[in-house]
Structures are given as structure tokens and as C-alpha cells.
1. Being surrounded by fewer than 13 Cβ atoms within 10 Å (Cβ to Cβ) and modelled with pLDDT of 90 or more is true for just one of 45, 49. Which residue is that?
2. What number of residues within region 52-83 satisfy the criterion of being part of a helix (DSSP H, G or I), within 16 Å of the ligand (Cβ to nearest atom) and surrounded by fewer than 16 Cβ atoms within 10 Å (Cβ to Cβ)?
3. Output the qualifying pairs, or none if there are none: Cβ atoms under 6 angstrom, residues six or more apart or on different chains, first residue in region 36-57 and of a type in the set (Val, Ile, Thr), second residue modelled with pLDDT under 95.
Amino acid sequence: MLQSMLEQALIRFMNRELKSTLIRVCQGPECRDCGGPELRKLLLQRGIQAEKEHCQGLCAYAPIAHIDQRCISEATIKKIMSIIQRPGESEKQAATSS
Ligand code: FES
């Protein structure tokens, strides 16, 4: 019983964290051709807010997405989900790269 309540609280916390993450998906011409709109649609279907953004000048790496300030090249739903389900990971990488 207690374990079940803790699991439910953890799931609620993780869902709140996912919803507070700002995700933007490029909708410029190259990213549009490489699946940007479909990627955004998949995120929205999972209840994750994903905004549109204009061409980022990184067309060779399309589709481009941003998770908060982090740029994701050749973005896929799998890549994005693996990053946002480990929220501490991006801060850890930022700390080691500076
Ligand atoms: S079209 Fe997306 S980076 Fe240029």
C-alpha cells in the first residue's frame, strides 16, 4: 500500500516535471521535410508541450529541437524522451562541459 502510494506520487512528480520543460521543434523548411511537424505532434500526443520555432540555421542536422536551452540535432521522439525522463542529466553535462 505505502509502496503504491509512493509510486503514484513519483509518477505525478515526473509528469509535472515533463510538463514544465520547454520544448521547441523547428518548423523551418528543412526540418519540415525531415519530420519536424510529426515530431512535434508525437510530443503533443504524449501531453508534452512542444512549441514551434523558426529555422535555427542548423538545417544540415534537421530536424532540430530544443529542450530548454539544449539543442538536439537529428531529433527523434526517442532522443527527446530519453533526455526529458532524466531531468538532472542536462545540468550534469552542462556542469562538466564548462
Ligand atoms: S529548417 Fe530547421 S534548422 Fe533550418
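The values are calculated or read from the model by the stated rules, or taken from the named source; none is laboratory data. These numbers were taken from a predicted model, which means no experiment stands behind them. Note: ideal-geometry Cβ built from the backbone for every residue, glycine included; neighbour counts use all protein chains shown.
1. 45
2. Qualifying residue count for the region: 2.
3. 48/18
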